[in-house]
1. What distance in nm separates the two pseudo spin-label positions at Ala110 and Arg15, each 7 Å out from Cα along the beta-carbon direction?
2. At a 1.4 Å probe, what is the % contribution of carbon and sulfur to the accessible area of the stretch 232-290?
3. By accessible area of protein heavy atoms, probe 1.4 Å, what ranking do His187, His285, His235 get, highest first?
4. Peptides 195-207, 2-14: what's the order by average Cβ count within 10 Å, highest mean first?
Amino acid sequence: MLDNTIETIPADERRLKQILVNLLSNAIKFTPAGGKVGLNVQADAERQSLTFTVWDTGIGIGEEDQERLFKPFVQIDSQLNRQYEGTGLGLALVLRLAQAHSGGVALTSAPGQGSRFSVTLPWVPEQHADQAEPKPITATQASAIIERALLIEDSPSAIEQARTPSPRILLVEDNQATITMMQDYLHTKGYAMVIARNGGEALLRANESAPALILMDIQMPGMDGLEAIRRIRAHESLQAIPIIALTALAMPGDRERCLQAGADDYLAKPVNLRGLLATIQSHMHLTNGV
Ligand code: MN
């Protein structure tokens, strides 16, 4: 099933194919004879994203195995893995490729009820006004152009900006494409950005820069986002800083896990930049009483 509003998908063709081949071959492996496997492609103009969903009516995956499937080296003794060897590597690659497109992966599955793997990538609906010279641009470029156009209207004057001290945001993220996109965007919105690339660095930067808010990626090498949130919350001086958790791998119960660790909010990638800004503003208003 293909959403017919989609004309162009801004993605690396070879990598997109790798994503779909991996998911489809897993779906076939997990589905006994007589079952069904399908692919849906659905655009969401408001979220500026499109989602590829590979579904099957197969054996399904228990919650305890779901997150482990995306790790590059899964435990050999897992019953699931003995049955479906090599699956973990394929899914780790799918997640990495989605992240490289500033996108994310979501999984819903239950034993005996099949599985749905959804890969969501940034996407901008086609504009038909200018047909003279179609220029292919990436979704990230397109959203940057739109944001810049909007900025002209709602930006405070340069003098006003100079008078107001920029609130500092600590962005904890290991993916360079996502760092660049969020840093550029939030910078144009008047925020001073501090970057950390893993959980350990996040603790250092949070202590030394006293940010007004923290954006915390969950999947990072070394200390992950959940552990970093817990450790930040253990510091008395850092307890009140709003933390927004960002995940490229959305699992059932994730929001609860992030909130339990001490996050104030949770967003799944790809993050709509305007939605991100609204979330940031709502949490800053709460703490600053503006
Ligand atoms: Mn990450």
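The values are calculated or read from the model by the stated rules, or taken from the named source; none is laboratory data. What you see is a predicted model; the values in this text were computed from it and never measured. Neighbour counts run over all protein chains shown; Cβ positions are idealised from the backbone, glycine included. Just so you know, the surface numbers come from the protein's heavy atoms only, side chains and all, with ligands and any DNA or RNA stripped out. Shrake-Rupley method; radii C 1.70, N 1.55, O 1.52, S 1.80 Å.
1. 3.5 nm
2. 51 percent
3. Result of the area sort, largest leading: His187, His285, His235.
4. 195-207, 2-14
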